[in-house]
Amino acid sequence: MQINSFEEYQRTYQLSVDQPEQFWAGIADNFLWKKKWDKVLSWNFSEPNIKWFEGAKLNITENCLDRHLAENGDKPAIIWEPNDPSKDSITLSYKILHEQVCRFANVLKKNGVQKGDRVCIYMPMVPELAVAVLACARIGAVHSVVFGGFSAKSIADRINDAQCRVVITADGAFRGNKQIQLKEVIDDALIGCPSVAKVIVLTHTRTPVSMLKGRDIWWEDEIKLVDTNCPAEEMDAEDLLFILYTSGSTGKPKGVVHTVGGYMVYAGYTFSNVFNYQPDEVFFCTADIGWITGHSYIVYGPLSQGATTVIFEGIPTYPDASRMWQVVEKHKVNILYTAPTAIRSLMSFGLQPLEGVDLSSLRVLGSVGEPINEEAWHWFDENIGKSNCPIVDTWWQTETGGIMISPIAFVTPTKPSFATLPLPGIQPVLVDEQGNEIEGNGVSGNLCIKFPWPGMLRTTYGDHERCKQTYFSTYENMYFTGDGCLRDEDGYYRITGRVDDVINVSGHRIGTAEVENAINMHAGVVESAVVGFPHEVKGQGIYAFVINPNVHSDEDLTRKDILQTVTRVIGAIAKPDKILFVSGLPKTRSGKIMRRILRKIAEGDTSNLGDITTLLDPAVVDEIIEKAKK
Ligand code: 6R9
């Protein structure tokens, strides 16, 4: 499956465009199927209706676990590095991981979980999180992992949208010097979630928790009651594997749906190729399993390829800014996959944290989540890769399931801040506002994909129309990514950022409408408008313009209150970096907020605000500019 030269890439790419079915069938042959497909692909982007490997039967956990046992049973599958460096790390071999997954799958069965049931997972970054995910897949339950930073309300919304039957959580989580009371958050969430019959609680932080009789049970008790024999459920290639919620332009997060066969093939293929993974190498992806990057490149991609994957519970700056490098040294990490925000944050500590740390095990570096600026790219290249490791700047999305546009390590010549070229099977196009394809090089436009790939989303859970409207209606017969992009003279792609109302804060997608809804829940707020602005570490920060009618109120207090409201409604990750109180917002006569103007003001660039004559009250703009300066 691995591509070894640029010439081979070009040849493979051409084949994947000329004969996509033949190409993907060849890739899929590298996986374990209980029964092969009748048809590789049927599709249309108008409904949309996309089916890969129709008629095929498989279980993804047999690909991630069972098939490695004979030859690699004792090979480390997971290396877990705890938050606290003085505590021991834990290594799970493929054999042990297989046993734990089967055992926990039996716990789920014993508690009434059946094929097709949805299970919400809200856990710290511990090996049991991967075990829980895989145990769901083992029995054909659909997992919906919710990142540990979301609030009770966000969790409740997600649980209700998917009608989850079971929740898997832990007493608490460690993150740097903080503790997050996961079970308490779940208790609050579940007040409004009638579908949940059972909550399975892992002991981790040993913080006291309350257990509801008949509903809450301990992980440790349950696994004693079952054995390790759990045959893998036979799944159809197009059966649901998981739901993962992500923000869009509207207020309500969407449940992106991925299915078993195509997702597996795509995550495995891209992992193996992009990172040039070699047997016995250690792969470290610093994302959280609560995001798509963790799903595809901590769990499914690496394990499907029999790799050793690191799960790191902590954060790069705890107990100090050398932590991530220490982890690389300690576990002799060969491939490090991280985010620009982490790189920028560590850069700001200078080179001292790198002193005396041995990074010589590193062979490949990767970046994901947001555009990487040239300065961060060079710092990463020179100080971490010692100018000797290719950097793969991987562009992709929750919806795409796996990496789409990226260099292939040791194959594609890289260029700082460019995601470079599409992987085999991916047909990107740039389109103008009217939906016309912009051909040739040295052009920019909105990034679309014009042909299906196995890892793409199939629907948004419970609302297929929304999937169609969001991704397939802006431009006819194309998947619209929501990103702007340029293609340079060499045909290389550079992602320039979202063109919709989504802000990318430290690589996390946050919808402006979501934040506005949360702010507006505060009793003192009449209306608000939220935009992104350039932030040195986070990439983008959140800037909120808020109309507060009570001019005599204490602004600092109201500000604090609003931050608390947002934390309660969405989670701390959505807290605005700046809140500016204003008496009005720039609106058109039809009542639309002109965000373009607010964006300029937030950027501090008011020299050219463009045409503001269509505004209902142009004077508010001057007032906002004046206030923003202070
Ligand atoms: C994997 C992931 C997707 C959005 C995407 C884009 C941005 C991701 C990027 C990148 C520039 C890269 N993005 N990778 N922008 N260069 N290498 O991050 O998924 O959380 O769904 O975010 O992130 O704007 O549309 P997700």
| Residue selected from the stretch 325-357 under the condition over 24 Å from Ile298 (Cα atoms) and not in a loop (DSSP other than H, G, I, E, B), by the criterion modelled with the lowest pLDDT | Met347
| Out of all the residues in the stretch 403-418, is one or more within 24 Å of Ile79 (Cβ to Cβ) and within 16 Å of the ligand (Cβ to nearest atom)? | yes
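Does Cys467 meet the test of being within 15 Å of the ligand (Cβ to nearest atom), under 19 Å from the mean Cα position of the chain (by Cα) and within 16 Å of Pro48 (Cβ to Cβ)?
So Cys467 passes the test.
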| said: Here is a check on your reading of the model: is Val310 more than 16 Å from the ligand (Cβ to nearest atom) and assigned to a strand (DSSP E or B)? | reply: yes
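For the stretch 589-618, give me the residue count where each residue is over 19 Å from Val499 (Cβ atoms), modelled with pLDDT of 90 or more and either surrounded by fewer than 15 Cβ atoms within 10 Å (Cβ to Cβ) or in contact with a strand residue (DSSP E or B) (Cβ under 6 Å, 6 or more places away or on another chain) (or both). Write out each step before concluding.
Within the stretch 589-618, the first condition is being over 19 Å from Val499 (Cβ atoms), and the residues that meet it are 589-591, 601, 604, 606-609, 611-618.
Subsequent filtering for residues that are modelled with pLDDT of 90 or more retains 601, 604.
Next, from what is left, pick out any that are either surrounded by fewer than 15 Cβ atoms within 10 Å (Cβ to Cβ) or in contact with a strand residue (DSSP E or B) (Cβ under 6 Å, 6 or more places away or on another chain) (or both): 604.
Qualifying residue count, the stretch 589-618: 1.
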| said: Taking the condition of being in contact (Cβ under 8 Å) with a residue 60 or more places away in the chain, within 18 Å of Ile449 (Cα to Cα) and not polar (S, T, N, Q), how many residues in the stretch 460-475 meet it? | reply: 4
| request: Hey, can you tell me all the residues within the stretch 555-586 that are in contact with an Asp or Glu (Cβ under 8 Å, 6 or more places away or on another chain) and touching a residue at least 60 places away in the same chain (Cβ under 8 Å)? | output: Ile570, Ala574
| Verdict on Asp74 being out of contact with any strand residue (DSSP E or B) (no Cβ under 8 Å at 6 or more places or on another chain) and either crowded, with 16+ Cβ neighbours inside 10 Å or farther than 15 Å from Tyr263 by Cβ (or both) | no
| note | For the stretch 213-224, pairs from a residue that is touching a residue at least 12 places away in the same chain (Cβ under 8 Å) to a residue that is part of a helix (DSSP H, G or I) and surrounded by fewer than 15 Cβ atoms within 10 Å (Cβ to Cβ), with Cβ under 8 Å and 6 or more apart or across chains, are Glu222/Lys110
| field | Members of the stretch 385-424 that are among the aromatic types (Phe, Trp, Tyr), closer than 17 Å to Pro340 by Cβ and over 16 Å from the mean Cα position of the chain (by Cα) | value | Phe418
| Assuming Val525 fulfils every condition listed in (1) within 16 Å of the ligand (Cβ to nearest atom); (2) buried (at least 20 other Cβ atoms within 10 Å of the Cβ); (3) at pLDDT below 95; (4) within 24 Å of Arg596 (Cβ to Cβ) apart from one, which condition is it? | (1)
| query | What number goes with the only condition from (1) in contact (Cβ under 8 Å) with a residue 40 or more places away in the chain; (2) away from the ligand (no atom under 15 Å from the Cβ) that Ser387 does not pass? | reply | (1)
| request: Can you confirm whether the stretch 558-568 contains a residue that is buried (at least 16 other Cβ atoms within 10 Å of the Cβ) and either within 15 Å of the ligand (Cβ to nearest atom) or assigned to a loop (DSSP other than H, G, I, E, B) (or both)? | output: no
| remark: Subset of the stretch 595-626, residues under 17 Å from Glu527 (Cα atoms), free of Cβ contacts under 8 Å to residues at least 60 places away in the same chain and not hydrophobic (A, V, I, L, M, F, W, C), comes to Asp617, Glu623
| query | Which one of the conditions (1) polar (S, T, N, Q); (2) modelled with pLDDT of 95 or more; (3) in contact with a strand residue (DSSP E or B) (Cβ under 8 Å, 6 or more places away or on another chain) does Ser249 fail to meet, given that it meets all the rest? | reply | (2)
| task | Give the stretch 180-233 a look and list any residue that's more than 30 Å from Leu58 (Cβ to Cβ), among the basic types (Lys, Arg) and crowded, with 18+ Cβ neighbours inside 10 Å, or say none. | result | Lys183
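Could you name every one of the strands (runs of 3 or more DSSP E) located completely within the stretch 184-296 that has at least 2 residues being on the phi > 0 side of the Ramachandran plot, of a type outside the set (Lys, Arg) and within 16 Å of the ligand (Cβ to nearest atom)? Give the derivation first.
On the way: elements: 198-202, 216-218, 240-246, 254-259, 282-285.
Output list is empty.
Is the stretch 362-376 home to any residue that is part of a loop (DSSP other than H, G, I, E, B) and more than 12 Å from the ligand (Cβ to nearest atom)?
yes
From the list Gly484, Gly462, Gly497, exactly one residue is over 17 Å from Pro407 (Cα atoms) and modelled with pLDDT under 95. Which is it? Outline the logic, then answer.
On the way: Gly484 fails: modelled with pLDDT under 95; Gly462 fails: modelled with pLDDT under 95.
Among Gly484, Gly462, Gly497, only Gly497 is over 17 Å from Pro407 (Cα atoms) and modelled with pLDDT under 95.
State whether one or more residues within the stretch 491-503 are away from the ligand (no atom under 16 Å from the Cβ) and outside any strand (DSSP E or B). Even if it seems obvious, please write down each step before you answer.
Initially, the stretch 491-503 is screened for residues away from the ligand (no atom under 16 Å from the Cβ), giving 491.
Now restrict to residues that are outside any strand (DSSP E or B): 491.
Yes - at least one qualifying residue is present in the stretch 491-503.
Do we find that Ile3 is assigned to a strand (DSSP E or B) and either of a type outside the set (S, T, N, Q) or over 25 Å from the mean Cα position of the chain (by Cα) (or both) in this structure? Before the answer, list the steps.
Working: assigned to a strand (DSSP E or B): no; either of a type outside the set (S, T, N, Q) or over 25 Å from the mean Cα position of the chain (by Cα) (or both): yes.
So Ile3 fails the test.
The values are calculated or read from the model by the stated rules, or taken from the named source; none is laboratory data. If you're wondering where the values come from, they're calculated on a predicted model, not measured in any experiment. Don't worry about glycine lacking a Cβ; one is built from the backbone with ideal geometry, like all the others, and counts go over all protein chains shown.
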